[in-house]
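Structure, as structure tokens:
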Amino acid sequence: MSASTHSQLQFPRSSGVLLHPTSLPGPHGSGDFGADAYRFVDWLASAGQRLWQILPLGGIGPGNSPYMSSSAFAGNVLLIDLDELRQRGWLSASDVEPVAGLSPRRVDFGVVVPFRMERLARAAARFAANASTADRASLDAFCAGHASWLDDYALFMALADHHGWRDWSDWPSQLAFRDPAALAVACGEHAARIAFWKFCQWCFFRQWLALRAHANDRGVQVVGDAPIFIAYQSAEVWARPDLFELDAKGKPTVIAGVPPDFFSATGQRWGNPLYRWSAHARDGHAWWIERVRRTFELVDIVRIDHFRGFAGYWEIPAGEPTAENGRWLPGPGPALFDALHAAIGRMPIIAEDLGLITPDVDALRKQFGFPGMRILQFAFDAGSGNHFLPHNHASDTVVYTGTHDNDTTVGWWDKASAHERRHVADYLQTDGHEIHWDLIRAACASVGDMAVHPMQDVLGLGGEHRMNYPGKSEGYWEWRFGWDQVRPEQAERLRTLCALYRRDGTAPERAVG
């Protein structure tokens, strides 16, 4: 099928909640794939919600961000349910007893990471000593099925651990630049640690796929998130430096970000290496095909972060301290998505098309029938032509009260200008005392096929509960909720809105006469 004939991928009208698994309740300092995740899925179903949107499932990077993972393929091992490992006999009851400092309302990464990693190490050691034949066969089958990325990932993590997480380009040159003999020696020297990382990935995939199956059984689809860029200190950049804009020493020459925008007067200097798109094209975009195919093994729908970077991206010289002095360069455009479509078929993708969106970005999105995003918190700062306002929405959109990068709706309202407040009051006929429900209702009423509400907005929480603040590197990604904040009327109101605005799976009725 040529690019010009890609048809619109029509999503059914539906509604869902944005909540990353780390924000779930649970006894071990951060949310995971345990009992509370299953309870949350059941709550979504009881509330008439058919979408669970999450952030990237990969490991966290600098600032604890899930958008700076050490692998584009591996899962975040901090999400592994420790109690399931206890049930399998790989941890003891005392191993899973919470320790002091594990907070029920925020993820204190300084406590959570060592606590969880130590328990995973104990579980891996007991597995190595006592695993059943069936479990060993299951692990072996997993490793064989994922060898295309898992072997490099496990070796990279073992070497990064050994070298104190110095940049891979600062390792001994034979390891940094992957001399086969040196890598063979390293595989022998670090065999135990390599086995640990493979065990952790097996546990992650087992547990997540079981949780996702439970969600699907309850009529809930998982909306995943694929960041366009990956971290420099990652297995993939180390394994395939030819696919990235690096110099002869393996250092980035240019990096990713965006120019000055709504969130930052100096732009956002993300620091990820940029792709050498010419090399990807010569390779038939094989790396991207593998990445997208693997992502769809984990989730039902994929939100592609920073979709505009496929049409054109902001290139910042690596030595620049901010994102101000960069330039726009063309991305791979339709060629990449033609290759993906030819290899994978129709892909349920949501294009994150926020920020500076030029006609070429919109054209690329529409060419492949990907819905875009509309954020209601951005709707009220101008006039009636603002395309975030509900009367300007189109069906091929996903409507959000806010995203993980926004303030909570209550926090936004508290800081809104007098003009915005007047506009909201006139438009939604509200005094703002339940502004979160006003925006949730407006999202549900939109013609946009999908409506998604951050859990903080369902709970009516203030700005101190926001998940992230773009451009600020510390103190975010920590929010968690508690079941004591969840009341029956919240699910009832969501279920009522879904029925009222036909987000409950019913078919549209045709007028007679």
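The values are calculated or read from the model by the stated rules, or taken from the named source; none is laboratory data. Predicted model, so just to flag it, every value in this text is computed and none were measured. Every residue, glycine as well, gets a Cβ built from its backbone with ideal geometry; the counts of neighbours run over all protein chains shown. All accessible areas refer to the heavy atoms of the entire protein, side chains included, with ligands and DNA or RNA removed. Shrake-Rupley method; radii C 1.70, N 1.55, O 1.52, S 1.80 Å.
For the range 134-222, what is Rg from Cα atoms divided by 2.2 N^0.38 Å, rounded to two decimals?
Ratio of Rg to 2.2 N^0.38 Å for the range 134-222: 1.35.
Report, in degrees rounded to the nearest 10, the 0 to 90 angle that the Cα long axis of helix 180-189 makes with the longest principal axis of the chain.
For 180-189 against the chain, the angle is about 90 degrees.
Using every Cα-Cα pair within the range 285-441, state what percent have a distance larger than 21 Å.
The answer is 56 percent, as a whole percent.
Gap in Å between the Cα centre of the range 166-195 and the Cα centre of the range 301-366?
33
Which three extents, in whole angstrom, do the alpha-carbon atoms of the range 172-316 cover along their principal axes, largest first?
On the principal axes, the range 172-316 reaches 52, 49, 31 Å in Cα extent.
How large is log10 I(q)/I(0) at q = 0.19 Å⁻¹ when the Debye formula is applied to the Cα atoms of the range 1-138, each weighted equally and without solvent?
-1.19
Report the full-extension gain for the segment Gln367 to Trp165: residue separation times 0.36 nm, less the Cα-Cα distance, to one decimal in nm.
68.5 nm
Within straight cross-link reach of Lys198, meaning Cα distance under 15 Å, which aspartates and glutamates are found once same-chain residues fewer than 8 apart are removed?
Partners within reach: Asp135, Asp140, Asp151, Asp152, Asp161.
Would you kindly calculate the translational diffusion coefficient of the range 170-227, applying Stokes-Einstein with the Kirkwood radius from alpha carbon pairs, for 25 °C and a viscosity of 0.890 mPa s, and quote it in µm² s⁻¹ without decimals?
Estimated diffusion coefficient is 168 µm²/s.
At a temperature of 25 °C and a viscosity of 0.890 mPa s, determine how fast the range 422-479 diffuses translationally according to Stokes-Einstein, using the Kirkwood radius over alpha-carbon pairs as Rh; express D in µm²/s, rounded to the nearest whole number.
My calculation gives 186 µm²/s for D.
Angle between the Cα long axis of helix 435-445 and the longest principal axis of the chain, 0 to 90 degrees, nearest 10?
For 435-445 against the chain, the angle is about 90 degrees.
Using only the C-alpha atoms of the chain, find the volume of their convex hull and express it per residue in Å³.
Per residue, the Cα convex hull of the chain comes to 166 Å³.
Per 10 Å bin, what is the whole-percent P(r) computed from every C-alpha pair distance within the range 240-343?
14, 41, 33, 12, 0
In the chain, carbon and sulfur make up what percent of the accessible area (probe 1.4 Å)?
Heavy-atom surface of the chain belonging to carbon and sulfur, 1.4 Å probe: 54 percent.
Within 10 Å, count the other beta carbons around each residue, average over each peptide in 145-153, 381-389, and list them highest first.
Taking the mean over residues of other Cβ atoms within 10 Å, the ranking is 145-153, 381-389.
Rounded to the nearest whole Å², what accessible area per residue is found for the chain with the 1.4 Å probe?
I get 40 Å² per residue for this part.
Need one word for the range 354-513: rounded, prolate or oblate. Basis is the Cα gyration tensor (sqrt eigenvalues a ≥ b ≥ c); a/c below 1.5 gives rounded, then a/b vs b/c decides.
rounded
Show me 285-296, 365-376 ranked by packing, highest mean number of other Cβ atoms within 10 Å first.
365-376, 285-296
Residue by residue through the range 285-291, which ³J(HN,Hα) values in whole Hz follow from phi under the Karplus form 6.51 cos²θ - 1.76 cosθ + 1.60 (θ = phi - 60°), with glycine and proline marked x?
Result, ordered by residue: 6, 4, 4, 5, 4, 4, 5 Hz.
Quick one: which of 205-211, 457-463 comes out on top by average Cβ neighbours within 10 Å, and what's the full order, highest first?
Listed from highest to lowest mean packing, they are 457-463, 205-211.
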